[in-house]
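Here's the structure, in structure tokens; my notes come after.
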Amino acid sequence: MDLKFSHELETLLKKLVDQPITIREILDGTSEKGLMLLAGLFAFPFLLPMPPGVSSILGGSCFLLSLQLALGRKELWLPKKLANFRFPDKIIYPLLRFIKKLSNWFEKITAPRLKVIAKNPYIWRINGLCIAWLAILLMLPIPLTNPLPTIGIVLLVIATIESDGLLMCVAYLWSIIVSLLFILMPSVLVRMAEQLIQQFFG
């Protein structure tokens, strides 16, 4: 029987804790399912405080990996700087504890549902494309917005691995909402700034 998403992710994290390895070493010999799992691993840290510089590496890796999955590439490519990145202990240990806390919750909300959607031969590519788009939003230098696209990425990864078509639909809806928020956010911020200027200097 296939392991649940939470168990697979925890196993991968334990491997990184026991013997720190590069992203390239993780990718080598990893199955398509494992590659989707890895995309989720790159996104998960954005739910936690991270040291400077790590976000661009993880976000860039998530984008390039998911985009290549969307294009159906079998041999994945990453720039040398990203491929040689090793997860620091200060990320892995908090992330491992975080995953353990969420494991039971993941198992409660996932199940093989709406297989017409989940088993579609193109669904991996569609989800890879969605994750790539969310990764772009994730890397935008807008304060306090990281969790929004991260939730979408994690939901898509879980739904894809668990063949949960219903959760995929939820993830698609969330992705649309987040995209609209990012599109509307600049105009809202400009209006707020104008109102503040008028209030104090008008």
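For I21, which sequence-distant residues (separation of 5 or more, or a different chain) have an amide H within less than 5 Å of its own amide H, given hydrogens modelled in the peptide plane?
Counting only residues 5 or more places away or on other chains, the set is F87.
Give me the accessible area of L67, 1.4 Å probe, in Å² rounded to the nearest 10.
Here the accessible area works out near 50 Å².
Could you compute the FRET efficiency for L129 and S56, with r as their C-beta to C-beta distance and R0 at 25 Å, rounded to 0.05?
According to the calculation, E is roughly 0.75.
Please list, ordered by chain and number, the residues whose modelled amide H lies under 5 Å from the amide H of R113; skip anything fewer than 5 residues away on the same chain.
D164, G165, L166
Probe 1.4 Å, all protein chains in place: accessible area of R97 in Å², nearest 10?
140 Å²
With label points built 7 Å along Cα→Cβ from the Cα atoms of K119 and K101, find their separation and express it in nm.
3.8 nm
The values are calculated or read from the model by the stated rules, or taken from the named source; none is laboratory data. Quantities reported herein were computed from a predicted structural model and do not represent experimental measurements. Using ideal geometry, Cβ is built from the backbone for each residue, glycine included, and neighbour counts are taken over all protein chains shown. For accessibility, only protein heavy atoms count, side chains too; no ligands or nucleic acids. Shrake-Rupley method; radii C 1.70, N 1.55, O 1.52, S 1.80 Å.
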